[in-house]
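The values are calculated or read from the model by the stated rules, or taken from the named source; none is laboratory data. These figures come from a predicted structure and were not determined experimentally. So basically every Cβ, Gly included, is an ideal-geometry build from the backbone, and we count neighbours across all protein chains shown.
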Amino acid sequence: MAENIDKPTKQAQSGAGGPGKGVTSKVGNTVGGVADTLGETVGTAGSGLGETINSATGNAGRPVGDAVTNLTGGVKDASKSLGKGIKDTGEMKKPDSGSSSS
């Protein structure tokens, strides 16, 4: 019977990453996916709107069309990064060490 004293229980082995990790991961993936989807939607719509402004107004409206495209592209990139961060947090991953993909 003394030999069982030194063996950790299944609960002790699972630690903080046990059942809570699965729930946190699902919530993180869901919220991160929604943020990513919203960003993609805004970015795509903004790009289309910017191109439409440029086409309809020619050179006179180009600064406005380009500004709309750039602004919504920034929203798209930011939400994609936010979504990834939320998903990684839900999966209890450590953040990237500052490397960028651009």
Single unsatisfied condition, LYS26 versus (1) surrounded by 13 or more Cβ atoms within 10 Å (Cβ to Cβ); (2) in contact (Cβ under 8 Å) with a residue 40 or more places away in the chain
(1)
Among (1) out of contact with any Gly (no Cβ under 9 Å at 6 or more places or on another chain); (2) of a type outside the set (Asp, Glu); (3) on the phi < 0 side of the Ramachandran plot - the single one GLY58 does not satisfy
(3)
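Quick one: would you say GLY48 is modelled with pLDDT of 95 or more, surrounded by fewer than 14 Cβ atoms within 10 Å (Cβ to Cβ) and of a type outside the set (Val, Ile, Thr)? Walk me through it before giving the result.
Working: modelled with pLDDT of 95 or more: yes; surrounded by fewer than 14 Cβ atoms within 10 Å (Cβ to Cβ): yes; of a type outside the set (Val, Ile, Thr): yes.
Yes: the conditions hold for GLY48.
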In the range 67-94, which residue that is over 13 Å from the mean Cα position of the chain (by Cα) and among the aliphatic types (A, V, I, L, M) is nearest to ASP36 (Cα to Cα)?
LEU71
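Kindly indicate whether THR57 is modelled with pLDDT of 90 or more and either among the small types (Gly, Ala, Ser) or out of contact with any strand residue (DSSP E or B) (no Cβ under 6 Å at 6 or more places or on another chain) (or both). Spell out the reasoning first.
On the way: modelled with pLDDT of 90 or more: yes; either among the small types (Gly, Ala, Ser) or out of contact with any strand residue (DSSP E or B) (no Cβ under 6 Å at 6 or more places or on another chain) (or both): yes.
Judged against the criteria, THR57 is a match.
Restricting attention to the range 36-43, does a residue exist that is assigned to a helix (DSSP H, G or I) and over 30 Å from VAL23 (Cβ atoms)?
Taking the range 36-43 as the starting set, the residues that turn out to be assigned to a helix (DSSP H, G or I) are 36-43.
From what's left, over 30 Å from VAL23 (Cβ atoms): 43.
Yes, there is a match, as at least one residue in the range 36-43 is assigned to a helix (DSSP H, G or I) and over 30 Å from VAL23 (Cβ atoms).
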Which one of these does SER102 not meet: (1) over 14 Å from the mean Cα position of the chain (by Cα); (2) part of a helix (DSSP H, G or I); (3) at pLDDT below 95?
(2)
Residues of the range 21-45 being closer than 16 Å to ASP88 by Cα, modelled with pLDDT of 90 or more and of a type in the set (Val, Ile, Thr), which ones?
VAL34
